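Read through the structure below, which is laid out as structure tokens, and then see the notes.
The values are calculated or read from the model by the stated rules, or taken from the named source; none is laboratory data. Please read these numbers as outputs of a predicted model, since none were measured by experiment. Backbone-built Cβ (ideal geometry, glycine too); neighbour counts: all protein chains shown. The protein model used for the area step is the full one, side chains on, heavy atoms only, and it has no ligands, DNA or RNA in it. Shrake-Rupley method; radii C 1.70, N 1.55, O 1.52, S 1.80 Å.
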Amino acid sequence: MTSETTPPLTYRDAGVDIDAGNDLVQRIKPLVRSTARPGADAEIGGFGGLFDLKAAGFTDPILVAANDGVGTKLKIAIDAGRHDTIGIDLVAMCVNDLVVQGAEPLFFLDYFATGRLDAAQGAAIVAGIAEGCRQAGCALIGGETAEMPGLYAEKDYDLAGFAVGAVDRGRLLPSQTLESGDMLLGLAASGVHSNGYSLVRRIVERSGAAWDDAAPFDATQSLAEALLAPTRIYVKPLLGALKASGGIKALAHITGGGFTENIPRVLPERLRADIDLFAVPVLPVFSWLQREGGVAEAEMLRTFNCGVGMVVVVSEAEAATVSALLQSAGETVVPLGRLRLRQGEAVTYNGALAL
């Protein structure tokens, strides 16, 4: 019960600032508008986002949907106070999962939840999301911002992303023509990407390094900067190669689970991936993580991408053409091995990682 001397409560008193939310919307409108593409004008403010498949050029499309987050990589962004690239990760984790099925990402929506809304911080996050959408060629057509004091600590936040793509019927991947002898090509990663960060953070803690220290594996940047390197978005090079050549039979996004868990997701039970570990372009960050954490090679292979963020399965006859197309689009391509008839494990390894 309240009395005449007890001041009335407001939503702001309870920890939710509607004005800060309105300020954020105004700040991000031009960022969102920068992601417009055929099919979407990327204007926000309504209760739902619209997309016109016909205007996007599809005739008989199948929709493909994906959602994901960034995991505990967020904790590094929060602790280091660096929020400008984490949105790229959010988009990448969704759109890379769309393109592996042959789909062109069309639109993206984000969910941003925080303990206390800081409009400048929120705008930096959405700027990263908009950059990721531009890299992927998809429109940011909406999202949700939730201020939830009591559920999140004031500086903490969480992100979730939702993407929808389309592929014309008959062009879905993986192909039904996969066969023993097909080649595996690896596309280089930009860093740790967005998986394995619970282990990364434990290793950093054990090392005693601070986020603003020079990275032990790259003195040109801080440890936080190096570990926050945004996930590479492979969409445009892969879509270009898919349109220019019929040689790509399957794609595997190397996320949590590494080669061991992700490649089998696109293979029939009769085939296995036989990988030459000497060919993997191991990045210095992985060598440091392995040494500092004493991580076994098998654990590295089922936790991290180890330097390869995407695996492309191609017919032998088209391997050189597909490699050239991807290289001309800016990708670093390495031959990783071949498909073989399965005789036990779905992924087999030869050699050792150059850690």
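Tabulated values for the structure
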item	result
Qualifying residue in region 192-206 (condition: open to solvent by less than 60 Å² (accessible area, probe 1.4 Å), in contact with a Phe, Trp or Tyr (Cβ under 8 Å, 6 or more places away or on another chain), part of a strand (DSSP E or B) and not charged (D, E, K, R))	no
Cβ pairs under 6 Å, 6+ apart, first in region 36-63 and within 17 Å of residue 98 (Cα to Cα), second open to solvent by 60 Å² or more (accessible area, probe 1.4 Å) and in a loop (DSSP other than H, G, I, E, B)	56/38; 62/169
Set 225, 179: member being within 22 Å of the chain's Cα centre (by Cα) and among the acidic types (Asp, Glu)	225
Residue that is nearest to residue 47 (Cα to Cα), among those in region 144-170 that are among the acidic types (Asp, Glu) and in a strand (DSSP E or B)	144
When residues of region 308-330 are limited to those that are small (Gly, Ala, Ser) and part of a helix (DSSP H, G or I), the one farthest from residue 181 (Cα to Cα)	328
Unmet requirement for residue 33, which otherwise passes all of (1) open to solvent by less than 20 Å² (accessible area, probe 1.4 Å); (2) modelled with pLDDT under 95	(1)
Members of region 191-213 that are over 18 Å from residue 78 (Cα atoms) and free of Cβ contacts under 8 Å to residues at least 60 places away in the same chain	208
Residue 150 open to solvent by 40 Å² or more (accessible area, probe 1.4 Å) and at positive phi	yes
Any hit, region 161-176, residues being under 15 Å from the mean Cα position of the chain (by Cα) and open to solvent by 40 Å² or more (accessible area, probe 1.4 Å)	yes
Residue ranges of helices (runs of 4 or more DSSP H) in region 219-307 with at least 1 members open to solvent by less than 10 Å² (accessible area, probe 1.4 Å) and within 21 Å of residue 355 (Cα to Cα)	223-227, 258-262, 284-293, 297-301
